[in-house]
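To start, the structure itself, in structure tokens.
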Amino acid sequence: MPVITVPARSRWLKRFCGSGSRAEVLQGDIAEAGVAERLIDETVQKFGRLDALVANAGFPILKSLNEGTRKDLDYAFRGNLFSFYELLRAARPHLAKAREPRVVAVGSFTAHVFRTDMRSFPMSAAAKGGLETMVRSLAAELAPSGITVNCVVPGFIEKDPGTGDGLSQQELSAMAERIPLGRIGRSTEVAAAIEFLLSPGAGYITGQALHVNGGLI
């Protein structure tokens, strides 16, 4: 029976439990020191083992060069990059015992797409760019242990109300016109990419970034 840890207040929790899976909600701001390690420890205590890690923390900071502060930049890196490092460092001993250990980080198109006709996210871009570099480095370091480390890089994706990236529906519609496939992506499409990288079929894939962005450039 699969075990899945999901974010608090997620509508998916009931769906997991209703399908016969076991799910737990573990809360904490992983931008804060020590929280990532605590969440890993609590997960292992509850379920006895850890087979995979998906680091899906992230948030946009919608501030320009003049608007942003050192505090904003620090939080961007702590929430997106430092937290991944701390999660993986805490998870590594447990993953090393797994049969097919997998690690997937979730990046962002903001680290790749820089256009004058789109809003920029310079602080988020820097943090997510660092995340991808760390994925490649740690993939090489952990390969001898059989642990694969990859990154899924979403583009503009539909989100639940109240959890968006600060763009209005009008702005999202305008973005869709700039995407080659002509629409905003679905969260299920990002989930499918993550699921693939967690699967046995992805056992020979590591250190890669899989873009789910409708061809956005």
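The values are calculated or read from the model by the stated rules, or taken from the named source; none is laboratory data. Computed from a predicted structure; not experimentally measured. Here the Cβ positions follow ideal geometry from the backbone for every residue, glycine too, while neighbour counts run over all protein chains shown. Accessible surface areas use protein heavy atoms only, side chains included; no ligands, DNA or RNA. Shrake-Rupley method; radii C 1.70, N 1.55, O 1.52, S 1.80 Å.
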Going through (1) modelled with pLDDT under 95; (2) surrounded by 14 or more Cβ atoms within 10 Å (Cβ to Cβ); (3) among the hydrophobic types (A, V, I, L, M, F, W, C); (4) within 18 Å of the chain's Cα centre (by Cα) one by one, Val25 fails only at (2)
Of the residues in segment 180-217 that are in a helix (DSSP H, G or I) and of a type in the set (Ser, Thr, Tyr), the one that is most open to solvent (accessible area, probe 1.4 Å) is Thr188
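Could you grab me the full set of residues in segment 116-130 that are in a helix (DSSP H, G or I) and open to solvent by less than 30 Å² (accessible area, probe 1.4 Å)?
Met123, Ser124, Ala125, Ala127, Lys128, Gly129, Gly130
With respect to Arg11, is the statement that it is open to solvent by 80 Å² or more (accessible area, probe 1.4 Å) and at pLDDT 95 or above true?
Here the answer is no, as Arg11 does not meet what is asked.
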Note on segment 145-175: residues closer than 21 Å to Ala57 by Cα and at pLDDT below 85 are Lys159, Asp160, Pro161, Gly162, Thr163, Gly164, Asp165, Gly166, Leu167
In the set Val135, Val153, Val113, Val149, the lone residue that is assigned to a helix (DSSP H, G or I) and either more than 15 Å from Asp51 (Cα to Cα) or touching a Lys or Arg at 6+ places or on another chain (Cβ under 9 Å) (or both) is Val135
Residue count, segment 76-97, condition surrounded by fewer than 17 Cβ atoms within 10 Å (Cβ to Cβ) and more than 18 Å from the chain's Cα centre (by Cα), comes to 3
Result of the Cβ filter at 6 Å on segment 168-179, keeping first residues that are within 11 Å of Gly214 (Cα to Cα) and partners that are open to solvent by 30 Å² or more (accessible area, probe 1.4 Å), at least 6 apart or interchain, is Ala176/Arg183
Log entry, pairs with first residue in segment 202-213 being farther than 16 Å from Ser137 by Cβ, second being crowded, with 18+ Cβ neighbours inside 10 Å and hydroxyl-bearing (Ser, Thr, Tyr), beta carbons closer than 9 Å, six or more apart or on different chains, reads Ala202/Thr148; Gly203/Thr148; Tyr204/Thr148; Ile205/Thr148
Scanning segment 28-46 residue by residue, the ones that are assigned to a loop (DSSP other than H, G, I, E, B) and either among the charged types (D, E, K, R) or open to solvent by less than 70 Å² (accessible area, probe 1.4 Å) (or both) total 6
